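In what follows, a single structure is set out as structure tokens and then discussed.
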Amino acid sequence: MKDVLLFKLTYCPHCRLALRFQEELLAEHPEWRDIPVRVIDEAEEAALANTYDYYYVPTYYVGGKKVHEGHAEKSDVERVLRLAAES
């Protein structure tokens, strides 16, 4: 199981949607509840955010590799969590 890192902004509607999908998927798949997901608000942790290569939020990294950037559908977030669980 690999760590998941999510970069977001507090008032970004796409980020809020991605987080809602993430919560729904974790409720639907109890086997994924142990996946370590670290949520970083790039406005609060700008120094950390600037060390990663991305231009849009939400952005997901799995095991240090960028796997999704920008507007996310539920299927995108599900793919992220599957990648984390499979490794």
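The values are calculated or read from the model by the stated rules, or taken from the named source; none is laboratory data. Bear in mind the structure is a predicted one, so any value in this text is a computation, not a measurement. Counting neighbours? That spans all protein chains shown, and the Cβs are built from the backbone with ideal geometry, glycine included. Please note that ligands, DNA and RNA were not included when accessible areas were found on the heavy atoms of the full protein model with its side chains. Shrake-Rupley method; radii C 1.70, N 1.55, O 1.52, S 1.80 Å.
Quick look at the numbers
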quantity: Pairs where the first residue, in the range 24-45, is within 16 Å of TYR60 (Cα to Cα) and the second is basic (Lys, Arg) and loosely packed, with under 13 Cβ neighbours inside 10 Å, C-beta under 7 Å, 6+ apart; calculated: LEU26/ARG33
quantity: Of residues in the range 65-87 being open to solvent by 30 Å² or more (accessible area, probe 1.4 Å) and in contact (Cβ under 8 Å) with a residue 60 or more places away in the chain, the one nearest to THR51 (Cα to Cα); calculated: LEU83
quantity: Every residue from the range 13-56 that is touching a Leu at 6+ places or on another chain (Cβ under 7 Å), surrounded by fewer than 16 Cβ atoms within 10 Å (Cβ to Cβ) and acidic (Asp, Glu); calculated: none
